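The values are calculated or read from the model by the stated rules, or taken from the named source; none is laboratory data. In this text, all values refer to a predicted model and were calculated from it rather than measured experimentally. Please note: Cβ atoms are built from the backbone with ideal geometry, for glycine as well, and neighbour counts cover all protein chains shown.
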Amino acid sequence: MSFKNASSFSRIPNAIQLHLAKHQRILGIILSVSPDQLKPHIKDCVVNEESLMIYVNSAVWASQLRFYSTQIQTAVNTQSKERIKKIRVRVLIPDPFKAAKKSQKIVPSRESIVSLRNNADMLSEGKLKNALLNLSATLLKLNQ
């Protein structure tokens, strides 16, 4: 099951909406003091008493974000009514059901491959000639 931000659900009672708004404000504070390269990887946060849990999308970014925990704690405490004493960073589990997109192979036209082969034939013996002939043979197989 993939992570869904709670604000994406419809028909939420008022008390919960206020709670979500508070979390969004705190998330905004976290994002405002985080470096630009980390911002896209910070997904959400949860405040529980004096603890702040920040969720990111990979362990690499979690370790980077931990270096900024003091700055984040100071910013959240000064810009909100929260009194955070502890910050924890957690990694969201990746969605196992998303298949990686296969890259589409771009093969030159048959005319381009023939031109490559003809130019290779004009070269004197050597590594370049052999490499171009092998390349044109491979491309011809892919083009069929």
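Of all residues in segment 52-66, those satisfying the criterion of being farther than 14 Å from L27 by Cα and not in a loop (DSSP other than H, G, I, E, B) are A59, V60, W61, A62, S63, Q64, R66. Can you find a residue in segment 84-98 that is surrounded by 12 or more Cβ atoms within 10 Å (Cβ to Cβ) and under 30 Å from L135 (Cβ atoms)? Looking for residues that are surrounded by 12 or more Cβ atoms within 10 Å (Cβ to Cβ) and under 30 Å from L135 (Cβ atoms), one finds none in segment 84-98, hence no.
So that you can scan it fast, the table gives a plain yes or no per residue for (1) at positive phi; (2) of a type in the set (S, T, N, Q); (3) not assigned by TED's automatic domain parsing to the domain that holds H19:
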site: N57; (1), (2), (3): no, yes, no
site: W61; (1), (2), (3): no, no, no
site: Q64; (1), (2), (3): no, yes, no
site: F67; (1), (2), (3): no, no, no
site: T78; (1), (2), (3): no, yes, no
site: K102; (1), (2), (3): no, no, yes
site: N118; (1), (2), (3): no, yes, yes
site: S124; (1), (2), (3): no, yes, yes
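Here segment 27-41 is the region considered, the condition is being free of Cβ contacts under 8 Å to residues at least 24 places away in the same chain and within 21 Å of R83 (Cα to Cα), and the residue that is surrounded by the fewest Cβ atoms within 10 Å (Cβ to Cβ) is G28. In segment 114-123, the condition of being surrounded by fewer than 12 Cβ atoms within 10 Å (Cβ to Cβ) and either among the hydrophobic types (A, V, I, L, M, F, W, C) or under 21 Å from I26 (Cβ atoms) (or both) is met by at least one residue. Within the set A100, A75, the sole residue that is of a type in the set (G, A, S) and either modelled with pLDDT of 90 or more or over 28 Å from Q37 (Cα atoms) (or both) turns out to be A75. Annotation: V89 fulfils all but one of (1) within 15 Å of L31 (Cβ to Cβ); (2) in contact (Cβ under 8 Å) with a residue 60 or more places away in the chain; the unmet one is (2).
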